[in-house]
1. Which condition does GLY78 not pass, out of (1) out of contact with any Lys or Arg (no Cβ under 7 Å at 6 or more places or on another chain); (2) of a type outside the set (Phe, Trp, Tyr); (3) touching a residue at least 40 places away in the same chain (Cβ under 8 Å); (4) away from ligand 1 (no atom under 12 Å from the Cβ), if it passes all the others?
2. Would you check which residues across region 181-195 are surrounded by fewer than 18 Cβ atoms within 10 Å (Cβ to Cβ) and of a type in the set (Lys, Arg) and list them?
3. If the requirement is being in the same structural domain as SER168 (by the TED database) and within 16 Å of ligand 1 (Cβ to nearest atom), which of these qualifies: GLY149, GLY102, GLY153?
4. Based on this model, can you work out whether GLY49 counts as at positive phi and either within 13 Å of ligand 2 (Cβ to nearest atom) or among the acidic types (Asp, Glu) (or both)?
5. Output the residues belonging to region 276-286 that are touching a helix residue (DSSP H, G or I) at 6+ places or on another chain (Cβ under 7 Å) and either touching a residue at least 60 places away in the same chain (Cβ under 8 Å) or assigned to a strand (DSSP E or B) (or both).
6. Across region 27-51, what is the total count of residues that are away from ligand 1 (no atom under 15 Å from the Cβ), under 20 Å from the mean Cα position of the chain (by Cα) and not charged (D, E, K, R)?
7. Here are LEU73, LEU123: which of them is within 26 Å of the chain's Cα centre (by Cα), of a type outside the set (Val, Ile, Thr) and surrounded by fewer than 21 Cβ atoms within 10 Å (Cβ to Cβ)?
8. Any idea which residue in region 183-219 is nearest to ligand 1 (Cβ to nearest atom), counting only those that are in a loop (DSSP other than H, G, I, E, B) and under 11 Å from the mean Cα position of the chain (by Cα)?
Amino acid sequence: MSTASSPHPPTPRAHHQAGDVPAIHATGLRRDFGSLRAVDDLDLDIAAGSVYGLLGPNGAGKSTVVKLLTTLLRPSSGSATIMGHDLAHAPHRVRSVIGVAGQYASVDETLTGRENLRLFARLTGMSRTDSRRRADELLEAFSLADAAGRRVGRYSGGMRRRLDLAVSMVATPPLLFLDEPTTGLDPRTRQQMWQVVEDLVSHGTTILLTTQYLDEADRLADRIGIMNHGRKVAEGSPDQLKDRIGTSALAITPANRADVPAIRDAITRVLSPGGTPTTRAGRIYAPIRQTADATEILVALREQGLSPAAISVDRPSLDSVFLTLTGNHGPTREATDRSTTSGPTTSGPTTAGPTTAEPVHAAGLSTHHNTNLNNTDLNTEEDL
Ligand SMILES: Nc1ncnc2c1ncn2[C@@H]1O[C@H](COP(=O)(O)OP(=O)(O)OP(=O)(O)O)[C@@H](O)[C@H]1O
Ligand SMILES: [Mg+2]
């Protein structure tokens, strides 16, 4: 937990310039539990001021990484610096610049929510007045104001989780570790949590969060590392990881089934050579390499007097990436949170798993996702 005495957010993001020490630099980090290698030769470089998402199925080693980097566990081998402080040689310094919200709650059940927050604030060196103000701010931010005077032993699971997160943010440390911050939270509280994370980041806090929710990593993380069996199997921005899996598709639902051949012909002409549409469940999918492809298809359809009933752009979701890389069906909410239509579900290296559909509005086709297929920055550590 941070020992910073100010309740104010740390250094603004602008202060983190290129050349700054990375927030986390780990090399060859390994942790064995008996014969089990929970973390295997992990390298991590996390820039100050960024959000890094560690994604992986149960048992992948995410919590173990958090424990290693927060001095709660010793690595079997390997080394790391945290905000420039060596993990092995200066663990107390490391502890002074980090905050951590573990996967399981650490608050005192006999105290009220407000008392817990004030206590933690006082422990980080804040004055009585600052402690009260910070506690009230956090109770408000995590919708706990009404329950502030109740003993934590009587809180619901979700309320305890929120309090635990609030406690980890008392002193707004420069580097915050959040281990599955939104597991068990209801959808509204998840959104609030995301807002809190974004506010912290806008004030310069670096965040490493672990999650099994692909939509969460997509929304919050600048970079994502996917872990499986203790190893990092891929790393990149959400867009880079999605691009790794395949191209986007324009999904067209014809107004009449009789239009299908004409629509397919129009698409084939526009995409020729090289692009052929596929038809599944009454929808036609046209692979699009760039936004202009989609625009041209829509223009061609209009010229032919073919007005589809619905149009959307499907692009590979992080879900597909996760499935391809880990062979696991993560408990994702992506499909329900972000998708209005389900996309193609054929399996294979380029179209594995479901895709996310984004409605396209007639007033202006917008595919705000990056459909660039160059993955120059992608660091895939193992072949797919
Ligand atoms: N203290 C321990 N002793 C023995 N084995 C452990 C210990 N902690 C973790 N493990 C094992 O290490 C592996 C990685 O566990 P870890 O908790 O890091 O996974 P995780 O990715 O956080 O999973 P989850 O999504 O379920 O939280 C698992 O096989 C786990 O059983
Ligand atoms: Mg865990």
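1. (1)
2. Listed by number, the list holds a single entry, ARG188.
3. Unique residue meeting the criteria: GLY102.
4. no
5. THR279, ILE284, ALA286
6. Number of matching residues: 6.
7. LEU73
8. Across region 183-219, the extreme among qualifying residues is GLN212.
The values are calculated or read from the model by the stated rules, or taken from the named source; none is laboratory data. As the structure is a computational prediction, the values presented were derived from the model and not from experiment. Note: ideal-geometry Cβ built from the backbone for every residue, glycine included; neighbour counts use all protein chains shown.
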